[in-house]
Amino acid sequence: MNRIAELMTIDPAPGSAAGDELELLAHLVEDYETKHHDIGLPTPLEAIWFRMEQQNLRPKDLISYLGSASRVSEVLGGKRQLSLEMIRKLNKGLGIPTEVLVQQAQRNGTQRSKALVKGVSEFPMVIFKEVFQRATLRFRGTLADAKERAELLLKDFLCFGTAPHAIPALNRQALRGRSTDNSLALLAWKTRILRVAATKRLKGKFDPSDVTKEFTHNLVALSRLKDGPRLAIEELENNGIVVVIERHLSKTHLDGAAMRLPSGNPVIGLTLRYDRLDNFFFCLFHELGHVVRHIATGKADLFLDDLDQDATDKLEEEADEFALRNLLPATDWQRFWQAGDFSVAAVRREAKRLGVHGAILAGRVQREKNDYKSLSRIITEAKIRHLFESAA
């Protein structure tokens, strides 16, 4: 391939030594690709589903081509081969090439709702249903119709930011979570975050040097305001960091994530798994730590975090430390902790002095004491999901 590129730049005359070499190499490359990487024609089913996707057709729209509703179901389910009459009608009516339709199907008779994309054959249908119900798929039919098209819909959905029909892995990821979490559900959630993030228009450009102590101090100070969490997100987006709220999917236990768009813009995803102000700001600052210290520096591209789990590596420890230090200055926290007065009145008084909501300090006390019943009066009065009802 390198030699072909060299020859192409000099544009050799046909019949010349260089021209003959170019022709020979082109034939060798073609022969190699045919043997080892032959893409070939799509199967009849792939061609039919592709045309349905193009023209927004439903299975019932194929009755005039295949003969009856039951035959449509059998053909789309891979249980019936196409007859010559069906081939003729599909060719004439939908413009599918005859040479594609006359091939023997390469797939077995497994129901299409179970035979999903290569590499996601174990994609749980309960997750597919959730993704559909959240209107994340570019499809306007019923769930039953979506299940019939599951393979194409998942291909279209999951290949965001990659080559067409490629199913991306969770490349260069750092997962702080449970081994029982379904990796494909994590992939679907991550993809949803990126797709929503890509639709947002940011006012500013991200520069990690802008995330100073003053910046984080002003950010956590917003916790005192009724609409503080929304304002904090707006402030981050004004500085080039996209923030997306999306509930975690079944079979996962996510609190948040940090990643980047194909354009390079950093993205923070939050699930609001707990309806607590202190949890919101800790998750936000934890992911901000990943953005500033790890993603911006090229150490990783993706962090998926279940913050109920202990930090298991250096990067997670650094993100925890970033969050704790920037939510409450270390010297102030140590002084308060050593004083030992954790009454509701003392917590409110110290939080007011620090310029943060009492729930921020109360949540830190609960964390350090591993006692999530103490100071519950302050924690429960600081709910946040209602601020994001359309998303959470």
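Could you tell me how many of the residues in the range 349-358 are surrounded by 17 or more Cβ atoms within 10 Å (Cβ to Cβ) and touching a residue at least 24 places away in the same chain (Cβ under 8 Å)? Steps first, please.
Pass one, the range 349-358, residues surrounded by 17 or more Cβ atoms within 10 Å (Cβ to Cβ): 350-351, 354, 356-358.
Cutting the leftovers down to touching a residue at least 24 places away in the same chain (Cβ under 8 Å) gives us 354, 356-358.
Final tally of qualifying residues: 4.
Select, from 223, 209, the only residue that is more than 26 Å from residue 379 (Cβ to Cβ) and either of a type in the set (S, T, N, Q) or modelled with pLDDT of 95 or more (or both). First the steps, then the outcome.
Working: 223 fails: more than 26 Å from residue 379 (Cβ to Cβ).
Within the list 223, 209, the selection yields 209.
Among the residues of the range 45-68, how many are assigned to a helix (DSSP H, G or I) and modelled with pLDDT of 85 or more? Write out each step before concluding.
Looking only at the range 45-68, we keep the residues that are assigned to a helix (DSSP H, G or I), and these are 45-55, 59-66.
Next cut, modelled with pLDDT of 85 or more only: 48, 59-66.
Of the residues in that region, 9 qualify.
Which residues, taken from the range 145-203, are part of a strand (DSSP E or B) and modelled with pLDDT under 75? Let's see the steps before the verdict.
Applying the first criterion (part of a strand (DSSP E or B)) to the range 145-203 yields 173-176.
173, 174, listed by residue number.
So in the range 69-84, with the set limited to residues that are among the polar types (S, T, N, Q) and assigned to a helix (DSSP H, G or I), which one is surrounded by the fewest Cβ atoms within 10 Å (Cβ to Cβ)? First the steps, then the outcome.
Of the range 69-84, the ones among the polar types (S, T, N, Q) are 70, 73, 81, 83.
When the remaining residues are screened for being assigned to a helix (DSSP H, G or I), the result is 70, 73.
Details: 70: 11, 73: 17.
Of everything passing the filter in the range 69-84, 70 is surrounded by the fewest Cβ atoms within 10 Å (Cβ to Cβ).
Quick one: which residue in 387, 361, 307, 315 is crowded, with 22+ Cβ neighbours inside 10 Å and in contact (Cβ under 8 Å) with a residue 60 or more places away in the chain?
The conditions single out 307.
Within the range 267-373, which helices (runs of 4 or more DSSP H) (wholly inside it) include 2 or more residues that are among the basic types (Lys, Arg) and over 28 Å from residue 252 (Cα atoms)? Full working, then the answer.
Details: elements: 277-290, 314-327, 330-339, 344-354, 358-369.
Once the helices (runs of 4 or more DSSP H) in the range 267-373 are filtered for at least 2 residues that are among the basic types (Lys, Arg) and over 28 Å from residue 252 (Cα atoms), what remains is 344-354.
Among what's in the range 124-142 and is closer than 17 Å to residue 59 by Cβ and assigned to a loop (DSSP other than H, G, I, E, B), pick the residue that is modelled with the highest pLDDT.
So the residue we want is 142.
The values are calculated or read from the model by the stated rules, or taken from the named source; none is laboratory data. None of the values given here were measured: they were computed from a predicted structure. We place every Cβ from the backbone using ideal geometry, glycine too, and count neighbours over all the protein chains shown.
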